[in-house]
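Encoded as structure tokens, the structure appears first; notes follow it.
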Amino acid sequence: MKKSRLRIKGIKVKDKDKIKEAIMISIQKGNYTTREIGLDIGKDYTTVSRYLSEIENDPKWGLKRDLNGNIVMSLQEQLAHEYARLQNEKYSQLPSIQKWITYLKSGKTPATRIRYMINIIHGISDQLMVMPETLVSHGVPIDSAKRKEIAIEYWQNFLAWFNTACPQMQRTNTIVAYRSFLSAHSINFAHGEGKRYGLSTTSERLGEYKDIICLRRNKLKR
């Protein structure tokens, strides 16, 4: 007997509408290519493409595609898609990073910028060989002054390495990312206080992303 193809992730469903519904749910989750949708619901991309054509031709689903077959998204949907992809990334699943993403989103920080800043914190925690939770004492029942003291100590250890490994590189973007990460966890600095710890955000006229390049290059050497 021929095996039914009306399945989602190997589970049999009663009709095609259930598969179409699963596709629409997958799209709402932030999957916008046939490959992404297929991986999410357990179908190959050609099957997904066929169902998308049927969905597009049925107004009840409210799906639109352009001449190239790409799903048409409003600006709001595009932003939601970018944030969804960001939060689905493995490193972003860490509780301290999730909290930080929520904090940055509340300030309307673009997803691309958030990803860049997360990469910096990833590089810092890798270099120090600690989880980002450790940098901010996430979930540890100690007072705010002690948490701040610990975060500063980790930063100064990292800065000692950074100044030796990347002496010609800017620190501004790294500092901004670190201070933002701390701020999301209620570790803040008064005006001018950061300078005392090498955490001044005074702008340096050097190219963005060079700090990440330095972090990655030195990680490969280890």
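Points to keep in mind about this one:
- Probe 1.4 Å - accessible area at L199, Å² to nearest ten: 0
- Carbon/sulfur fraction of accessible area - the stretch 81-213, other protein chains in place, 1.4 Å, %: 53
- Chain lengthening between T33 and N70 when straightened (0.36 nm per residue, less Cα-Cα): 12.6 nm
- In this entry, the stretch 16-73 is assigned a mean projected area of 3.5 nm², taken as a quarter of its C-alpha convex hull surface.
- Percent accessible area from carbon and sulfur atoms, the stretch 16-73, protein chains only, probe 1.4 Å: 49
- Spherically averaged projected area of the stretch 81-213 from its Cα convex hull (nm²): 8.1
The values are calculated or read from the model by the stated rules, or taken from the named source; none is laboratory data. Please read all numbers here as calculations on a predicted model, not as lab measurements. Each accessible area value is taken on the protein alone, full model and side chains, heavy atoms only, with ligands, DNA and RNA left out. Shrake-Rupley method; radii C 1.70, N 1.55, O 1.52, S 1.80 Å.
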